[in-house]
């Protein structure tokens, strides 16, 4: 499947309500997600950063992040949407455009572009500045010959910006601005209660992406609420890191190695990763 076919398929999958997007942090985890039956895969910038021994939040350079995304795209056949954080290079519209042109060259189907952090210590960007970045991303993608699927992330709830009574209205205001600027979907992480999710679905005139986590409604329930896509962010990376920490503590403190059923065998991994 070529890039345009993947983009077309990725757009079609958003009509399934919801599209379930597990998140990979390297090519091996992406292969596992694909083998498990994922119809499309998202990357997690947090997971990629942690796998390099760094904190999340553009601690990796653009080139370092794109190198990982490129390996993921080459190792799976399904569409991949890439988390490009704030676009790198200072997050200016020009820098975002440069990132998008590079991303299009990797064969991805979509991107996440977030409106945090803001300038001069603010938690979020001014919505008009983020709109300009989205417009730049859209123009750059079209000039590169790909109708990249742009998922605009809104971090009002995630970073608890302002008075909690204003979070919903501010998120809806930003969603309308970002969709008008050319975003295809709106991503609102940090929300897991049914009432707020329903209000977001009702108030946003476009597809809604929710980041599921413990305590969130099930995928089926999110679909019933009208959520278009469900991702899990760094959840699987956190689980993998937790498994390593448990194992090494047992090894160093008790001198034992865990139960065989807790690990994939060498043969299992050969089968899963063979292409």
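Where a number appears in this text, it was derived from the coordinates with a stated rule and is not lab data. Given the structure is predicted, the values throughout are model-derived calculations rather than measurements. Note: ideal-geometry Cβ built from the backbone for every residue, glycine included; neighbour counts use all protein chains shown.
Remarks
- Put in line by how crowded their Cβ is, counting other Cβ atoms within 10 Å and starting with the fewest, 224, 34 read 224, 34.
- Share antiparallel - DSSP beta bridges, the chain, percent rounded to 5: 0 percent
- Anisotropy class of the stretch 139-245 from Cα gyration tensor, a/c 1.5 cut: oblate
- Across the stretch 3-234, counting alpha-carbon atoms alone, Rg and Dmax equal 16.1, 45 Å.
- For 158, 211, 1, the sequence from fewest to most other C-beta atoms within 10 Å is 1, 158, 211.
- A quarter of the convex hull surface defined by the alpha-carbon atoms of the stretch 1-137 gives 8.3 nm² as the mean projection.
- With respect to the chain, whose longest principal axis is taken over its alpha-carbon atoms, helix 235-254 is tilted by about 30°.
- C-alpha long axis of helix 3-13 to longest principal axis of the chain, angle in °: 80 degrees
- Angle between the chain longest axis and helix 93-106 axis [Cα atoms, degrees, rounded to 10]: 40 degrees
- Burial order of peptide ranges 159-165, 216-222, 198-204 (average beta-carbon count within 10 Å, highest first): 198-204, 216-222, 159-165
- Working ranking of peptides 36-43, 248-255 by packing, defined as the average number of other Cβ atoms within 10 Å per residue, highest first, is 36-43, 248-255.
- Residue order, fewest to most beta carbons within 10 Å, for 154, 192, 210, 197: 192, 197, 210, 154
- The value given for the stretch 88-173 is a Kirkwood hydrodynamic radius of 13.6 Å, derived from the mean inverse Cα-Cα separation.
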